[in-house]
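Report on the following structure.
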Amino acid sequence: MEPLRNIYPLLTAEKNIVITMHQKPDGDAMGSTLGLYHFLIQFGHKVTVISPTNWASFLSWMPGCNKVMDYERTIEKSNEIIQNADWIFCLDFNTLSRTKRMEEVLTTAKGKRILIDHHQQPQVEVFAYGESNVDKSSTAEMVYDFIAASGYHDKINTDVAECIYTGVMTDTGSFRFPSTTAAVHNLVADLKERRLNHSKVHEAIYDNFSENRLRFIGNVLLNRLEVFYENNTALIAVPQADLIKYDIKTGDTEGLVNYPLGIEGMKLAAIIIDRGEERKCSFRSKGEFDVNTFARKYFNGGGHVNAAGGQSKEPLETVVEEFKKAMKENRDQLSTYKF
Ligand code: 5GP
Ligand code: MN
């Protein structure tokens, strides 16, 4: 994988470009890809953003989101665009398997794959160019750095700024996680000077939910939460019937895993959701407990030190038992709370 800066001299020659991200894109996946999109179209490139799956409706206000293709609904057309691309930017994921059904066409496409990502253990051998940096708050921050160092800083217009801000804001938990460095605050200052309306972004992301979602959260916190004080751990297990009852859509469960971390002393929080075709897990931790390793070891997943996910094909009750067993195996680390 050559360094990302080697593509700067090639930026001005017109190209067919595809930008993609991990399945079920979150704010950072959508923000980083659309931020890059609004930058690249200014060179006259033909740029298409393709998401491997659908996404949460609270992201749909983002500039350019109405042009994003949902791969699962446009397989033939998307395959053709991907096969004809000179460059394929892969943002906010570390292995091609994170694109689900798109993996095959991404593997065989003749264009150059370019990685921009902040997850651990990237599949570097499949990328021609790229940068992977686990110390970065978000992929959106990396897109900002890429643009800022390209010599085209002035192409950060309000569309680019809104998309980048969305990614950085969501992946830093609104600028509270330890990944929020001075560089992140400098980035925000720069975007503000470029007339970013940050309140608009906060409102669009956080004050845009359905009544059903709020009632669903109430139900989950009241009936589905289990706290293991001896291990500083909390678990939420959501049966599929709850999702159906409250008409829960993609993205409605995002952020739920963070609630139990607000209980004093909690070091590990987990949510296991029965999505029918699979059981999806999310893990969050505070301090030293490494949920990336935890998710890899027990739940066929991965992510970051303090935020990771995984999945299982076993029934919900079995996954819950597996979680409790894994928690007990890590009892020594979990019971001694240290930042
Ligand atoms: P979330 O819990 O919000 O879905 O994901 C938290 C972090 O873990 C994100 O950075 C996400 O990319 C990563 N992640 C979530 N699920 C998986 C998974 O199944 N496999 C891997 N490798 N990473 C995951
Ligand atoms: Mn991210």
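Looking only at region 127-145, filter to residues that are touching a residue at least 40 places away in the same chain (Cβ under 8 Å) and part of a helix (DSSP H, G or I); which one of those is most open to solvent (accessible area, probe 1.4 Å)?
Per the criteria, the residue is Tyr144.
Conditions first: (1) of a type outside the set (Val, Ile, Thr); (2) surrounded by 14 or more Cβ atoms within 10 Å (Cβ to Cβ); (3) over 27 Å from Ala307 (Cβ atoms). Glu103 passes all but one, so which condition is the exception?
(3)
Whether any residue in region 221-231 is within 16 Å of ligand 1 (Cβ to nearest atom) and either of a type in the set (Ser, Thr, Tyr) or within 23 Å of His22 (Cβ to Cβ) (or both) is what I want to check.
So far as region 221-231 goes, no, none of its residues is within 16 Å of ligand 1 (Cβ to nearest atom) and either of a type in the set (Ser, Thr, Tyr) or within 23 Å of His22 (Cβ to Cβ) (or both).
State which residue is nearest to the chain's Cα centre (by Cα) when the search covers only region 268-300 and only residues that are aromatic (Phe, Trp, Tyr) and more than 19 Å from Lys24 (Cβ to Cβ). Quick ask: steps written out before the conclusion?
In the first step, residues of region 268-300 are kept if they are aromatic (Phe, Trp, Tyr); the result is 283, 289, 294, 298-299.
Now restrict to residues that are more than 19 Å from Lys24 (Cβ to Cβ): 289, 294, 298.
Numbers: Phe289: 20, Phe294: 18, Tyr298: 21 Å.
Filtering region 268-300 for residues that are aromatic (Phe, Trp, Tyr) and more than 19 Å from Lys24 (Cβ to Cβ), the one nearest to the chain's Cα centre (by Cα) comes out as Phe294.
On the basis of being among the polar types (S, T, N, Q) and open to solvent by 60 Å² or more (accessible area, probe 1.4 Å), does Thr293 make the cut?
On the way: among the polar types (S, T, N, Q): yes; open to solvent by 60 Å² or more (accessible area, probe 1.4 Å): yes.
Answer is yes for this residue.
Tell me, yes or no, whether region 199-209 has at least one residue that is within 16 Å of ligand 2 (Cβ to nearest atom), open to solvent by 30 Å² or more (accessible area, probe 1.4 Å) and free of Cβ contacts under 8 Å to residues at least 12 places away in the same chain.
no
When region 16-44 is examined, which residues are found to be open to solvent by 10 Å² or more (accessible area, probe 1.4 Å) and either of a type in the set (Lys, Arg) or not in a helix (DSSP H, G or I) (or both)?
Scanning region 16-44 gives Asn16, His22, Gln23, Lys24, Asp26, Gly44.
State whether the residues of region 243-250 include one that is among the acidic types (Asp, Glu) and not assigned by TED's automatic domain parsing to the domain that holds Leu59. If you could, list the steps in order and put the result at the bottom.
First, pick out the residues of region 243-250 that are among the acidic types (Asp, Glu): 247.
From the residues that got through so far, the ones that are not assigned by TED's automatic domain parsing to the domain that holds Leu59 too are 247.
Yes, region 243-250 contains a residue that is among the acidic types (Asp, Glu) and not assigned by TED's automatic domain parsing to the domain that holds Leu59.
Residue by residue, here is whether (1) exposed (fewer than 15 other Cβ atoms within 10 Å of the Cβ); (2) assigned by TED's automatic domain parsing to the domain that holds Ile41; (3) charged (D, E, K, R) holds:
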position	(1), (2), (3)
Glu80	yes, yes, yes
Asn94	no, yes, no
Glu125	yes, yes, yes
Ile147	no, yes, no
Glu162	no, yes, yes
Arg176	yes, yes, yes
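Would you confirm whether or not region 2-9 contains a residue that is within 14 Å of ligand 1 (Cβ to nearest atom), open to solvent by 40 Å² or more (accessible area, probe 1.4 Å) and either closer than 24 Å to Glu277 by Cα or assigned to a helix (DSSP H, G or I) (or both)?
No: zero hits.
Condition check: among the hydrophobic types (A, V, I, L, M, F, W, C) and open to solvent by less than 10 Å² (accessible area, probe 1.4 Å). Does Ile75 satisfy that?
Answer is no for this residue.
Collect the residues in region 31-49 that are near ligand 2 (Cβ under 10 Å from one of its atoms) and out of contact with any strand residue (DSSP E or B) (no Cβ under 7 Å at 6 or more places or on another chain), keeping them in residue-number order. Spell out how you get there, then give the answer.
So in region 31-49, the residues near ligand 2 (Cβ under 10 Å from one of its atoms) come out as 31-32.
Across region 31-49, the qualifying residue is only Gly31.
Can you find a residue that is open to solvent by less than 20 Å² (accessible area, probe 1.4 Å), on the phi < 0 side of the Ramachandran plot, within 16 Å of ligand 2 (Cβ to nearest atom) and assigned by TED's automatic domain parsing to the domain that holds Glu230 anywhere in region 260-278?
Looking through region 260-278, none of the residues is open to solvent by less than 20 Å² (accessible area, probe 1.4 Å), on the phi < 0 side of the Ramachandran plot, within 16 Å of ligand 2 (Cβ to nearest atom) and assigned by TED's automatic domain parsing to the domain that holds Glu230.
Taking region 106-123 as the region of interest, how many residues are among the β-branched types (Val, Ile, Thr), away from ligand 1 (no atom under 16 Å from the Cβ) and buried (at least 21 other Cβ atoms within 10 Å of the Cβ)?
1
Taking the condition modelled with pLDDT of 95 or more and surrounded by fewer than 20 Cβ atoms within 10 Å (Cβ to Cβ), does Val227 pass?
yes
Tell me, which residue of region 232-279 that is part of a loop (DSSP other than H, G, I, E, B), within 13 Å of ligand 1 (Cβ to nearest atom) and touching a strand residue (DSSP E or B) at 6+ places or on another chain (Cβ under 7 Å) is nearest to Ala56 (Cα to Cα)?
This residue is Thr253.
The values are calculated or read from the model by the stated rules, or taken from the named source; none is laboratory data. As the structure is a computational prediction, the values presented were derived from the model and not from experiment. Positions of Cβ are generated from backbone atoms using ideal geometry, with glycine treated the same way; all protein chains shown enter the neighbour counts. With ligands, DNA and RNA removed, areas are computed over all heavy atoms of the protein, side chains included. Shrake-Rupley method; radii C 1.70, N 1.55, O 1.52, S 1.80 Å.
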